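Working notes, structure below.
The values are calculated or read from the model by the stated rules, or taken from the named source; none is laboratory data. Predicted model only: the values in this text are computed from it and were never measured. Heads up, the Cβs are rebuilt from the backbone with ideal geometry, glycines too, and the neighbour counts pull from every protein chain shown.
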Amino acid sequence: MNSFFNEKTDLKNRWIAPVSLEKTNKHFNSAKQFITNFKETFPSLKKRTKDARKHVNHAFNLILCNFTYAYFERKNLIIPNRSVEYEKGGKLRKLFLTRRATREVLKALEDDKYISKIKGNSFYKKANEYKPLTKLGKLLDPLLYVVKEKYNKSRPLDYVIFREESNRERLKKLTSVNPRTSRKVKYIRGATSIKLTIDHQDVARLHTINCYLENVSYALKAPVKLIYTGDPFHGGRLYTRIQNLANRDIKIRINTLINNEKVCEIDLSANHPAIAMAHNEKQLPKNFYETVSKETQLKFELVKDYIRKAFGASDRRINLKKTLTKFDTAKIDNFISENFPGVFEAMYNDMGSAYQSHEGQILMRAMLALIKKDIPSLPIHDALMVPQRFMKEGRAALENEWRKEFKVKFKPNIKVNYP
C-alpha cells in the first residue's frame with residue numbers, strides 16, 4: 001500500500017521514525033524511569049486493560065524519543081492521522097503504533113501545552129505536524145545521549161542516498177504551487193534511478209563507519225548518511241543528526257560529549273576557495289576571507305556569505321543581504337579576479353555541490369583512518385568532531401586525506417574549535 005503522504009514534500013521537519021533508548025548506555029535505566037514518571041503525570045493515559053496499557057506505553061515512548069530529536073534539531077515532528085497509515089503497509093503500522101493510542105498520547109501532550117499542533121493539508125499531501133514547545137524541551141536533557149536511531153546492518157545501501165536536486169531547489173518548486181490556480185501538485189520524487197551495488201567502495205566505507213559508531217556514545221545518536229545530488233560527482237557530504245544541534249548564538253553542539261569526553265571540531269577553513277586553488281596546484285593563503293574583507297572595506301560576515309553563495313550559484317543572480325549592494329559585490333569580484341583568479345573561475349559555475357563530493361570523500365577516509373587507531377569521530381559538514389585528547393590525530397588524518405584528494409604537498413588551512 002502506498003502512503004497518501006509524501007515524506008519528501010516535508011523537507012524541514014522530521015517524520016516519526018523507529019527510535020529507542022540505547023540499552024547499553026549507562027544512563028538507560030534513569031532515562032527509562034524518567035519516561036515512566038513523566039507518563040504518569042497524565043491521568044488520561046492510565047489504562048485499565050493490559051493491551052491498552054501496552055499500546056499507550058509504546059506510543060508514548062516512541063513519540064517522546066522522536067520529540068527529543070525534533071526539539072534539539074529545531075524541527076516539527078510529522079505524524080499522519082489518516083487511518084490508512086495504521087493499516088497494513090502504512091507508515092505507522094510498521095512502527096507498531098495504533099491510531100487510538102497515538103491520538104491519546106498526542107492529545108495529552110497538547111492539552112498540557114508540551115506541544116502545539118499544525119494541521120495538515122490534503123492538497124499538498126502534508127500530514128499533521130507537532131511542534132515541541134520549550135516546556136517539553138526543558139525536560140528532555142536526560143534523553144539526549146540515550147536516544148538512538150538504529151543502524152540496519154543488513155541494508156547498508158539505504159544510507160547512500162541520491163537526490164535529484166538540492167533541498168533548496170525542491171522547496172522552491174513546492175512553495176511555488178498555488179492551490180487556487182492548480183488542480184494538482186507536481187510532486188518531487190525523492191531520488192534518482194541511480195543505484196550503487198553493495199560492494200561499491202562508498203557503501204563499504206560507510207558501512208564500516210556506521211558499524212564502528214554502534215559502540216560509540218554521542219548526542220542524538222543516529223547512523224551517518226552519504227547524500228549525493230543527482231550523481232556521485234555532486235553533493236556527497238556526510239550527514240548525521242548531531243550536525244543539527246545549535247552552535248551559533250547558543251553553543252550546544254560543541255559542548256556535547258563523545259564517549260563522555262569533551263570534544264573539539266577540526267574545521268577545513270575556507271575550504272571551497274582552497275579547493276579551487278588546489279585544482280590549480282596553488283595554496284590559498286590563511287585568512288582569505290579577512291583579506292578580501294579588508295581590501296574591499298566590507299564586513300567579514302557579508303564577504304564570507306557572498307563568496308559561499310557564489311560557489312553554489314550557476315550565475316550571478318544571487319539573493320543579496322540588505323546591507324550588501326551590487327556595487328559591493330562588484331568590488332569583491334574585482335579583487336578576487338585580480339588576486340585569486342583560480343578562485344574566481346570557480347565562482348558562479350555551480351561548483352559548490354561538486355566540491356562537497358570532495359569533502360565527503362575526504363571526511364570518510366579520515367574517519368576510517370581514525371577507526372584503525374580506535375579513535376571515534378563524527379562528520380560536521382566539512383569538519384570532524386573528535387574527543388579533545390585526539391585532536392592531533394584527527395587533524396593529521398584530515399590534512400593527509402585532503403592532500404591525497406588533490407594530489408598536492410601543501411596542507412589545507414585548519415581551524416580547531418573548542419567549547
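From 363, 302, which residue is under 22 Å from the mean Cα position of the chain (by Cα), in a helix (DSSP H, G or I) and at negative phi? Step through it out loud before you land on a result.
Numbers: 302 fails: under 22 Å from the mean Cα position of the chain (by Cα).
Being under 22 Å from the mean Cα position of the chain (by Cα), in a helix (DSSP H, G or I) and at negative phi holds for just one of 363, 302, which is 363.
When you go through 148, 88 one by one, which is the residue that is among the charged types (D, E, K, R) and part of a loop (DSSP other than H, G, I, E, B)? Don't jump to the end; show me each part of the working.
Numbers: 148 fails: part of a loop (DSSP other than H, G, I, E, B).
None of the other options fit; the residue is 88.
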Checklist line | Hits in region 98-128 (condition: under 18 Å from residue 57 (Cβ atoms) and under 26 Å from the mean Cα position of the chain (by Cα)) | finding: 106, 114
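Collect the residues in region 261-318 that are of a type in the set (Gly, Ala, Ser) and surrounded by fewer than 17 Cβ atoms within 10 Å (Cβ to Cβ), keeping them in residue-number order. Talk me through it step by step, then tell me what you get.
First, pick out the residues of region 261-318 that are of a type in the set (Gly, Ala, Ser): 269-270, 274, 276, 278, 293, 310, 312-314.
Across region 261-318, the qualifying residue is only 314.
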Check: What are the residues in region 1-45 that are in a loop (DSSP other than H, G, I, E, B), among the polar types (S, T, N, Q) and either at pLDDT 95 or above or surrounded by fewer than 16 Cβ atoms within 10 Å (Cβ to Cβ) (or both), if any?
Finding: 2, 24, 41
Notebook entry, point to check: Of all residues in region 247-283, which are in a loop (DSSP other than H, G, I, E, B) and in contact with a Lys or Arg (Cβ under 7 Å, 6 or more places away or on another chain)?
Noted result: 247, 269
Check: Just to be sure, is residue 238 out of contact with any helix residue (DSSP H, G or I) (no Cβ under 6 Å at 6 or more places or on another chain) and crowded, with 21+ Cβ neighbours inside 10 Å?
Finding: no
Next item on the list: Name every residue in region 51-85 that is over 13 Å from residue 16 (Cβ atoms), in contact with a strand residue (DSSP E or B) (Cβ under 7 Å, 6 or more places away or on another chain) and assigned to a loop (DSSP other than H, G, I, E, B), in order of residue number.
Entry: 73
Notebook entry, point to check: Looking at 48, 100, which one is farther than 30 Å from residue 246 by Cα, assigned by TED's automatic domain parsing to the domain that holds residue 126 and either touching a Gly at 6+ places or on another chain (Cβ under 8 Å) or not in a loop (DSSP other than H, G, I, E, B) (or both)?
Noted result: 100
